[in-house]
Amino acid sequence: MVSQTVDLLKNELPLEQESVGLPEDVVNGLVLVDIINGFCSVGAGNLAPREPNRQITGMINESARLARLFCDKKLPVLAFLDSHQPNKPEEPYPPHCIAGTDESKLVPALQWIENEPNVTIRRKDCFDGFLGSVEDDGSNVFVDWVKNNHIKAILVVGICTDICVLDFVCSTISARNRGFLAPLEDVIVYSRGCATFDVPLHVARNTKGALSHPQELMHHMGLYMAKERGAIIANEVSLVTPKKP
């Protein structure tokens, strides 16, 4: 039934994706959204998967591959890590990714990036990494990262497609449209580098306060809404060396 619903939705709301080649003669940045144990590692916390999940595993593998590529090229990488104080709940979700715990750490496949000189780590305490980048003095770590590195395009991957990834993308596009993020031009979301969680209807009905969240459906909706806001949705990504005239 769920698969039929997803197929029906995709027919009614078709999502055009494209192969994106990022030119190496301009600066491209990679943004990793919340690829941490609390959302990705089986049994790691209240919002972690209860069993191995193919979509999440694929997202981790693609994100780690891209992180290696960007680090080898010395291109700027920004990693958002969800990190909450225990006395500041994030409704409607149960306590998760508490600062200083293993939940708020990068998954094992990405922990190596913490030692890379081109990587910026930003711990955030809200869904939206753009808002979570605001400092006490009003400055914004993400905005400064874009401007200081002269980034023309960002490639966004991570979890959850329809929550933290989407919120960050929407805020970034709004800021770009207002002229707050020059020289940023393109916001690209890599579909195979994103994932979301799965709560089937029968589970939600038997869990107090839970909402149904079919994974494939919500992943599609997150990508569709990002495209509706102005993001480029890519199903393939590569770095391209410009041809010499």
In terms of modelled amide H atoms, which long-range or inter-chain residues lie less than 5 Å from the amide H of residue 232?
-> 187, 188, 189
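To the nearest 20 Debye, how big is the dipole of the chain about its Cα centre, given +1 on the beta carbon of each Lys and Arg and -1 on that of each Asp and Glu? Let's see the in-between values first.
Details: 23 positive and 31 negative charges, 68 e Å.
For this selection, approximately 320 debye.
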Please report 243, 124, 105, 74 as a ranked list, fewest other C-beta atoms within 10 angstrom at the top and most at the bottom.
-> 243, 74, 105, 124
Along Cα→Cβ, 7 Å out, is where each label goes; now give me the distance between the ones at residue 147 and residue 19 in nm to one decimal.
-> 3.8 nm
Once residue 131 and residue 5 are pulled to full extension, the length gained, defined as 0.36 nm per residue separation minus their Cα-Cα distance, is 42.0 nm
Work from the charge dipole of region 91-181 (Cβ charges, +1 for Lys and Arg, -1 for Asp and Glu, about the Cα centre) and give the residue of 131, 143, 108 farthest towards its positive end.
-> 143
Derived scalar couplings ³J(HN,Hα) [region 148-154; Karplus, 6.51 cos²θ - 1.76 cosθ + 1.60; whole Hz; x for Gly, Pro] = 5, 9, 6, 7, 8, 8, 10
Förster radius 35 Å - calculated FRET efficiency between residue 51 and residue 243 (Cβ-Cβ, nearest 0.05) = 0.15
Find, among the GluC sites (Glu not before Pro) in region 86-140, those assigned to loop by DSSP (not H, G, I, E, B) with at most 11 other beta-carbon atoms within 10 angstrom.
-> 135
Starting from the amide H of residue 123, placed 1.01 Å from N in the peptide plane, find each other amide H under 5 Å away whose residue is 5 or more places distant or on another chain.
-> 81
Put a dot 7 Å past each Cα toward the Cβ at residue 185 and residue 111; how far apart are the dots in nm?
-> 4.0 nm
Prolate/oblate/rounded call for region 28-177, Cα gyration tensor, a/c under 1.5 rounded = oblate
Pop out the ³J(HN,Hα) list for region 169-184 in order, Karplus 6.51 cos²θ - 1.76 cosθ + 1.60 with θ = phi - 60°, rounded to Hz; leave Gly and Pro as x.
-> 4, 4, 5, 5, 5, 4, 5, 4, 5, 7, x, 8, 10, 4, x, 4
Calculated FRET efficiency for the pair residue 72/residue 139, C-beta based, R₀ 22 Å, to 0.05 = 0.15
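No value in this document is a laboratory result; all are computed from the given coordinates. Keep in mind the model is a prediction, meaning the values are calculated, not measured. Every residue, glycine among them, receives a Cβ derived from its backbone with ideal geometry; neighbour counts consider all protein chains shown.
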